[in-house]
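Notes follow once the structure below has been shown.
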Amino acid sequence: MKSADQLEPTVFVIFGGAGDLTWRKLIPALFDLAQDRSLPAQFAIIAVDRIKLGDDALRRRLHEGINRFSRFGKAKAAAWNRFAPHIRYQQGDFQKPSTYAALGAQCASQERQWGTKAHRIFYMATPPSLFGEIPKYLGRAGLARDRKWARIVIEKPIGYDLETALALNATLAASFEESQIFRIDHYLGKETVQNILAFRFANPLFEPVWNRRYIDYVTITVAEAEGVGHRGGYYDHAGALRDMVQNHMMQLLCLVAMEPMVSFDADEIRNKKVDVLHAVRPILPNAVPPCAVRGQYGPGEDTGGGKVRGYREEENVAPNSPTETFVALRLFLDNWRWQDVPFYLRTGKRLRRQASEVSIQFRAVPHQSFPPEASLAWQPSRLVLSIQPEEGIVLGFQAKYPGPKVRLRPVDMRFSYRGSFDAPSPDAYETLLWDVMKGDATLFMRADQVEAAWRLLMPLVDAWGDIPPVDFPNYPAGGWGPECVQELLAPGHRWPLPTELTGSIAKPRISR
Ligand code: BG6
């Protein structure tokens, strides 16, 4: 439980307060923090949006969102009655100075009422087209001026490409200092993603073998079973490279590959992460095909075996859309630790099942001392960090099969979050919102990291933008992506089939 004692009085302003993100994620997360007694006693939410809405109508809508999305299930009447008065609605146009003047007055009046200064957190839960506008108005209204008390929160996408990301970062920097800016990548709020650091650096066991000497290759998989659903309008202009690779996949890569941090200081950790991105061997514009593959799902089956439509038949998607719903990459890091170790990354929608995991494939032993017949089923050790839907860690290694003969068999050692801790994992947004209120930027993306990730991917963005795909759709819904992903792999390497914590990683389970 995060303690409320560590938080100071806070006014939480949500631009886009009548929108979907507020309803689905932000308010349920704040409510859940309140349930855990993790909000400061002096706490107010001001939801700002364009539509005409009263406090009561907004609260009714948010109540319904809490009932659907809260980690605690349907809100108890007493809990809701305690929480609801903290929420207020302010109607206003995001591009009119009067909105910000009224907001400033509301914040000031709240502080007078509390008799103390409060943090003012400005959360942009609006369409991305407003990300470059709101900070300017906040700056002009003097609402960004107080370096300690004013913070701004922005969600991905941070830019559409390197140029727009640079421009957006410059706009933010014109009104806010970097220490006031919190760029959310919700993957960093996931417990299992944070656990990668604990696993690597709180245990002396793994770090000595976490390098090119012992590791043959690494695969990072973020597979989604769902299609684009109702988000076709957004997704058709983004695609998997922008939607998942530039942010979530790059974060996972950084955590797996970074050097040990000297302290748990936000900038120290972020420096080590950005070093990883700087070490990635550039993808040369004329070498895209051997190191990157794109795909788009066609009609097929969902996890339950039901028929589902292809991407081009989805709502608000162009019938001849060239947008990729699947990306696989082969990357190398040019540094002492990782030279020549391939990192294979893949992500896609409408894959066989949901699974996010990192698989570390260790090298074969340097010399096989067991008789050949003892080790027919022999496999090098493999470690899997499973992020979702099951959260845990599995280590596959060799053991002697019982009996008089020496026979080796792969077996697993497994840790499951659910089995080991009785505390439920908070939603990623709870963690992130609490950290914003506390002013801890460790789990947020710094400007240089966002820009480094874009810089790395721009050759792909450009190459794929210039040359429309000729083979889309190239994988059926319910598969593991296009056939050509195999071409990324070095001889002997494989895309592992995602682990089931209740199953076995020891048995060879290969996706094709
Ligand atoms: C979002 C993407 O950032 O992450 C979505 O825009 C994707 O397309 C989602 O589905 C995945 O997040 P999670 O937490 O469900 O793995």
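The values are calculated or read from the model by the stated rules, or taken from the named source; none is laboratory data. All figures in this text were calculated on a predicted structure; none of them were measured in a lab. Note that we place each Cβ from the backbone using ideal geometry, even for glycine, and neighbour counts take in every protein chain shown.
Of the set (1) surrounded by 17 or more Cβ atoms within 10 Å (Cβ to Cβ); (2) at pLDDT below 95, all apply to residue 256 but (2).
Do we have any residue at all in segment 212-222 that's within 22 Å of residue 390 (Cα to Cα) and touching a Lys or Arg at 6+ places or on another chain (Cβ under 7 Å)? Yes: one or more hits.
Number of residues in segment 333-382 that are among the hydrophobic types (A, V, I, L, M, F, W, C), farther than 17 Å from residue 258 by Cα and surrounded by 20 or more Cβ atoms within 10 Å (Cβ to Cβ) equals 2. When you check residue 202 against the structure, is it among the hydrophobic types (A, V, I, L, M, F, W, C), without any contact (Cβ under 8 Å) to a residue 24 or more places away in the chain and either closer than 30 Å to residue 307 by Cα or away from the ligand (no atom under 16 Å from the Cβ) (or both), yes or no? The answer is yes for residue 202.
Anything in segment 459-476 that is in contact with an Asp or Glu (Cβ under 8 Å, 6 or more places away or on another chain) and under 11 Å from residue 288 (Cβ atoms)? List them, or say none. 461, 464, listed by residue number. Can you tell me which residue is surrounded by the most Cβ atoms within 10 Å (Cβ to Cβ) among those in segment 120-144 that are among the hydrophobic types (A, V, I, L, M, F, W, C) and away from the ligand (no atom under 16 Å from the Cβ)? The residue in question is 122. Are any of the residues in segment 465-472 modelled with pLDDT of 95 or more, surrounded by 20 or more Cβ atoms within 10 Å (Cβ to Cβ) and part of a loop (DSSP other than H, G, I, E, B)? Checked segment 465-472: at least one residue is modelled with pLDDT of 95 or more, surrounded by 20 or more Cβ atoms within 10 Å (Cβ to Cβ) and part of a loop (DSSP other than H, G, I, E, B). Select from segment 286-308 the residues that are touching a residue at least 60 places away in the same chain (Cβ under 8 Å) and either exposed (fewer than 14 other Cβ atoms within 10 Å of the Cβ) or not small (Gly, Ala, Ser) (or both) and list them in ascending order. Selection gives 288, 290, 291, 293, 294, 296, 297, 299, 301, 302, 303, 308.
Here is a yes/no grid of residues against (1) away from the ligand (no atom under 16 Å from the Cβ); (2) in contact with a Cys (Cβ under 7 Å, 6 or more places away or on another chain); (3) closer than 30 Å to residue 182 by Cα:
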residue: 223; (1), (2), (3): no, no, yes
residue: 231; (1), (2), (3): no, no, yes
residue: 305; (1), (2), (3): yes, no, no
residue: 311; (1), (2), (3): no, no, no
residue: 317; (1), (2), (3): no, no, no
residue: 322; (1), (2), (3): yes, no, no
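Which residue pairs have Cβ atoms closer than 6 Å, lie 6 or more positions apart in sequence or on different chains, and pair a first residue in segment 145-162 that is away from the ligand (no atom under 16 Å from the Cβ) with a second residue that is of a type in the set (Val, Ile, Thr)? Going by the 6 Å Cβ cut-off, the qualifying pairs are 151/121; 152/181; 161/461.
Residue 32: of a type in the set (Asp, Glu) and either at pLDDT below 95 or more than 31 Å from the chain's Cα centre (by Cα) (or both), yes or no? Judged against the criteria, residue 32 is not a match. Only one entry of 395, 385, 345, 329 meets the criterion of being in a strand (DSSP E or B), within 24 Å of residue 221 (Cα to Cα) and without any contact (Cβ under 8 Å) to a residue 24 or more places away in the chain, and that entry is 395. On the given criteria, is residue 176 touching a strand residue (DSSP E or B) at 6+ places or on another chain (Cβ under 8 Å) and away from the ligand (no atom under 16 Å from the Cβ)? Spelling it out, residue 176 is indeed touching a strand residue (DSSP E or B) at 6+ places or on another chain (Cβ under 8 Å) and away from the ligand (no atom under 16 Å from the Cβ). Close Cβ contacts (under 6 Å, 6 or more residues apart or on different chains) running from residues in segment 234-260 that are among the β-branched types (Val, Ile, Thr) to residues that are more than 11 Å from the ligand (Cβ to nearest atom) comprise 245/327; 256/358. May I ask you to verify whether residue 186 is within 29 Å of residue 416 (Cα to Cα) and either within 16 Å of the ligand (Cβ to nearest atom) or in contact with a Gly (Cβ under 7 Å, 6 or more places away or on another chain) (or both)? Yes, satisfied. Identify, please: which residue in segment 243-252 is within 10 Å of the ligand (Cβ to nearest atom) and over 17 Å from residue 297 (Cβ atoms) and is, among those, surrounded by the fewest Cβ atoms within 10 Å (Cβ to Cβ)? Applying the filter and picking the extreme gives 248.
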